[in-house]
Amino acid sequence: MTPLRFGFEPATLEGWLAFQRLPQCLAGRSVVVEYLPLPAPAARPPGPAAAGLAEQALREGLPWPAAARAAADAQALCALLWAAAPPGRGPSRHRCALLLDALWQHAEAPDAAAVQRRRAQLQLALGLDEAARPPRGPDAPAALAAASLVPDAALPGHPWLQPLAGPLAGQVFVGLDGQDALAARLAEAGPLA
């Protein structure tokens, strides 16, 4: 099994799409993925690339989310996700999917009450105690630990994959094209044990 680290910002459109299409890109490969959801340091507007991402999602048969939430919402929910992660490891794919659902699948306005409702729903789904209030912000222990795992070659706001062992160890594959390139490189390497 080839261990991979997958870093993404759940509050970005490209991060959402990369997460959704990752299983398709790695289908048939012997890999284990460590998920690294990173809170965006500031809100990023969708920009002109959003239309292209929507078209790509439709071509690949993926549901397209309605609207993004505020960066503060993503930071609060990422802090919950990291608080529920096993010590020394990142959150599971299932738990990352719960976070993305909390951010993207509801059409509520990102007001304080909506943020609190989503936070409470995610906290319940993650099995965290009602009183659990992990520290938030760039200096929170979980944010610092996650940030320390980001390779220098990663670009802010773009998802990335990094093989942690084998002939591709240490290389960083950035963006959606990077997912495809890594899948092709793994296919070239043949069956991986």
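In the stretch 170-193, the qualifying residues are those that are modelled with pLDDT of 90 or more and either part of a loop (DSSP other than H, G, I, E, B) or open to solvent by 60 Å² or more (accessible area, probe 1.4 Å) (or both), and the one that is farthest from residue 59 (Cα to Cα) is 171.
Taking the numbered list (1) surrounded by fewer than 15 Cβ atoms within 10 Å (Cβ to Cβ); (2) modelled with pLDDT of 75 or more; (3) closer than 16 Å to residue 10 by Cα in turn, residue 160 passes all entries but (1). Evaluated against (1) modelled with pLDDT of 75 or more; (2) open to solvent by 60 Å² or more (accessible area, probe 1.4 Å); (3) closer than 20 Å to residue 15 by Cα, residue 110 falls short on exactly one condition, (1).
Residues are listed down the side, and each one gets a yes or a no for (1) under 15 Å from the mean Cα position of the chain (by Cα); (2) modelled with pLDDT of 70 or more:
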{"position": "16", "(1), (2)": "yes, yes"}
{"position": "30", "(1), (2)": "no, yes"}
{"position": "44", "(1), (2)": "no, no"}
{"position": "50", "(1), (2)": "no, no"}
{"position": "67", "(1), (2)": "no, no"}
{"position": "75", "(1), (2)": "yes, yes"}
{"position": "81", "(1), (2)": "yes, yes"}
{"position": "86", "(1), (2)": "no, yes"}
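The values are calculated or read from the model by the stated rules, or taken from the named source; none is laboratory data. Note that this is a predicted model, so its numbers are computed, not measured. Here Cβ is always computed from backbone atoms with ideal geometry, including for glycine, and neighbour counts include all displayed protein chains. Heads up: the accessible areas ignore ligands, DNA and RNA and are worked out on the full protein's heavy atoms, side chains in. Shrake-Rupley method; radii C 1.70, N 1.55, O 1.52, S 1.80 Å.
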